[in-house]
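Report on one structure; see the data block that follows.
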Amino acid sequence: MILTVETKNIILRGEIYHFRMGVPKDCAKALGKTEITQSLRTTDKVKAMAEAQRLTDTWSTKFKRMRTDRPQSTRPVAAKPRQDEADAEEFREQLLSRMESSLPKIFAAESAESLRERSAACQESIELVRKG
């Protein structure tokens with residue numbers, strides 16, 4: 001009994017094996033070609049088969065991704081505010097509130113001169129945080 005191994009997507013050009021795979025019609029326009037060809041840079045059929053399988057898997061994944069990343073509608077979608085921006089703004093407001101409420105407690109124990117310097121520095125910090 002003779003066993004045959006399927007050599008899918010492999011062609012022999014001279015002594016070198018090459019990978020050859022058709023591009024699905026729905027992906028061909030985006031990719032700009034209907035066929036993928038690439039040298040496998042080997043004369044060993046077993047190595048060629050393994051590399052061809054890896055390339056087949058890679059391209060199949062790319063085709064699936066192309067299909068799922070495609071926009072489903074041509075209607076413009078209204079931009080939603082990003083959640084992290086909203087979270088950052090809320091954090092900034094909480095930080096400002098805490099700083100402003102803590103300043104009098106911190107400054108109570110300091111001298112008038114030191115108080116003026118620290119107050120100015122803190123006010124600058126508050127303004128920087130407000131500006132983002």
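Reported count of residues in the stretch 8-26, each being closer than 13 Å to Arg54 by Cα, touching a residue at least 24 places away in the same chain (Cβ under 8 Å) and surrounded by 13 or more Cβ atoms within 10 Å (Cβ to Cβ), is 4. Can you pull out every residue in the stretch 27-37 that is open to solvent by 40 Å² or more (accessible area, probe 1.4 Å), touching a helix residue (DSSP H, G or I) at 6+ places or on another chain (Cβ under 7 Å) and aliphatic (A, V, I, L, M)? Result: Ala30, single match. Screening the candidates Glu51, Glu100 for the property of being part of a helix (DSSP H, G or I), surrounded by 10 or more Cβ atoms within 10 Å (Cβ to Cβ) and at pLDDT below 80 yields one hit, Glu100.
The values are calculated or read from the model by the stated rules, or taken from the named source; none is laboratory data. Since the structure is predicted, the reported quantities are computational estimates derived from the model, not experimental observations. Cβ: placed from backbone, ideal geometry, glycine included. Neighbour counts: every protein chain shown. Note: accessible area is taken over every heavy atom of the protein model, side chains too, but ligands, DNA and RNA are not part of it. Shrake-Rupley method; radii C 1.70, N 1.55, O 1.52, S 1.80 Å.
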